[in-house]
Amino acid sequence: MKKTWLGMTALGILVVVIILFSWYPKVYKGVILEGVDISGYSREEVVQLLSSWQTKYHKKSIIVQYGDIKSDVDAENIDLDIDTNATLDQVWNYGRSGSWWERVLNIKNGWEKGYPVLLTIQYNEGKLETLIKQWGDAIERPPHNAVINLWTGTIVPHEIGYALDRDALRPLILDAFKGSDRAEITLPVKVIQPKVTMEDITKAGMKEILSSYTTTFNSGDANRTDNIKLAALNTNGTIVYPGKIFSFNEIVGPREIEYGFKEALEIVDGEFVPGIGGGICQVSSTLYNAVLLANLKIIERSNHSKPLSYVPLGRDATVAYGALDFQFMNNTKEPLLILAEVEDNKLVVGILGPHPLEEKVEIQHENQKTIPPVIAKKEDDNLYVGETVVEEEGRPGHALTTLRVVWLKGRQISKEVLSKDVYQGEDTIVKVGTKKPPTADKVDKKEKLNNHMD
């Protein structure tokens, strides 16, 4: 009983002492700022300490390196500074915020265990991102799959990719400025392995061309050409194993500027409009034709709303990330390798396997119809009544059924309907006059005069 009373008394005394200390006009015991014990510092002394550290920070510089890259980064390059007010608040508010009981516990914990506080650093994010981008541009490169060159038949070795770990780099730089003068850091770089290596191709023995298809494009359209090249690069070297489904959207990825795609014309709601990734439908359509000729199973495919110049009617495949995909299945018993290469103004897509294709595949059309263009009239007050002018010649639409016929040793073994497609035409725009001719004005005036005389 006596011990209990003594314990409660001691606790009570401790609480009273701590409460009295809650009005203590200095930093509480145990507060450690960046490794420096500042217990008992007045608020002004903390400010002076931060001010002296601030002066040192302004003069600091670090060295950033990786391989042949070596950059000196001064604090002023990124407007690095100590956030004095935020740091002071952390130090001074310890033991002075919260309920009285929370304050008591905080003060007690500081006495017993210490309370470390880190400097709050501020910097110009835009300037730091500019430096990071420069380093990234010098280091980063995408991985390249091992492929077989469709023109030479030789294996092109795979290449390892590299990416700057930006999330790890930012705190690394700020911590380096806290260290000794001229601290050195090595840029954190992630190694990206390609999906297909030379060993993969060699082991699977995919050296026989089952099918290939070539389309041409206007290489003078720089943005569209770049989109075609990027989509082909992402597709090139993909291995599709037996029973697996190839998804164009999954392989090529989102069509966004951040992924390297550019603005070019594309068809949206039957009209050619600028859009990010315009042109990649040529890659999906060229691949579709190679897949058809390799006698592979089509899972998903949609036609464009308008005819295209680079593939025949019924043999296009439109894609839109998150909406329309082109998918096929490897319905063979062997792995297949997809190759997609651009040379000058030609895009060629090939499908390779361990053994040549025994079947012969033909793509046929039936029930093909031409849909005459609609005549759309447009009033024009510059033309007289009865006058018409064709402002824009229309183009007919089309409807057809596409089939795949497969032969083996001269005998037809299958005939399937691939699709029934309708392509919109373009209206013929005819301007129709609404302006009254001069003779009509005279007749009107004469009639009014006669009516007045009557």
Any chance you could give the angle, 0 to 90 degrees and rounded to 10, that helix 100-113 forms with the longest Cα principal axis of the chain? 80
Rounded to the nearest 500 deg cm²/dmol, what is the calculated helix-only ellipticity per residue at 222 nm for the chain, with -39500 (n - 2.57) per DSSP H run of length n ≥ 4? -10000 deg cm²/dmol
Which residues' amide hydrogens lie under 5 Å from the amide hydrogen of residue 302, considering only partners 5 or more residues apart or on another chain, with H built in the peptide plane? 318
Starting from the Kirkwood Rh over alpha-carbon pairs, what translational D in µm² s⁻¹ does the range 119-202 have by Stokes-Einstein at 4 °C and 1.567 mPa s? 83
Between residue 419 and residues 5 or more places away or on another chain, the pairs with built amide H atoms under 5 Å apart involve 402
Take the Cα coordinates of the chain, assign each an equal point scatterer, and use the Debye formula without solvent to give log10 I(q)/I(0) at q = 0.07, 0.09, 0.11, 0.14 Å⁻¹. -0.67, -0.81, -0.96, -1.26
Which is farthest toward the positive dipole end of the chain among 115, 367, 338, measuring Cα position about the Cα centre, with Cβ charges +1 (Lys, Arg) and -1 (Asp, Glu)? 115
Give me the mean projected area, in nm² to one decimal, of the convex hull enclosing the Cα positions of the range 205-354. 8.1
Near residue 317, within a Cβ-to-Cβ distance under 13 Å, what is the net charge of the other residues, with Lys and Arg +1 and Asp and Glu -1? -2
Rounded Å value of the spacing that divides the Cα centres of the range 198-261 and the range 102-135: 47
Relative contact order for the chain: what is it in percent, counting Cα pairs under 8 Å that are at least 6 residues apart? 11
In debye, nearest 20, what is the charge dipole magnitude of the chain about its Cα centre with +1 on Lys and Arg Cβ and -1 on Asp and Glu Cβ, if you could check? 1380
Ranked highest first by the average count of other Cβ atoms within 10 Å around their residues, in what order do 76-88, 285-297 fall? 285-297, 76-88
Using only Cα atoms, tell me the angle between helix 43-58 and the longest principal axis of the chain; keep it within 0 to 90° and round to the nearest 10. 50
Hey, what angle do you get for helix 438-453 against the long axis of the chain, alpha-carbon based, 0 to 90 degrees rounded to 10? 80
Of all DSSP beta bridges with both partners in the chain, the antiparallel percent, nearest 5, is 85
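Computed from the coordinates by the stated procedures, all read-outs in this text should not be read as laboratory data. These numbers come from a predicted model, not from an experiment. Positions of Cβ are backbone-derived with ideal geometry, glycine not excepted, and every protein chain shown enters the neighbour counts.
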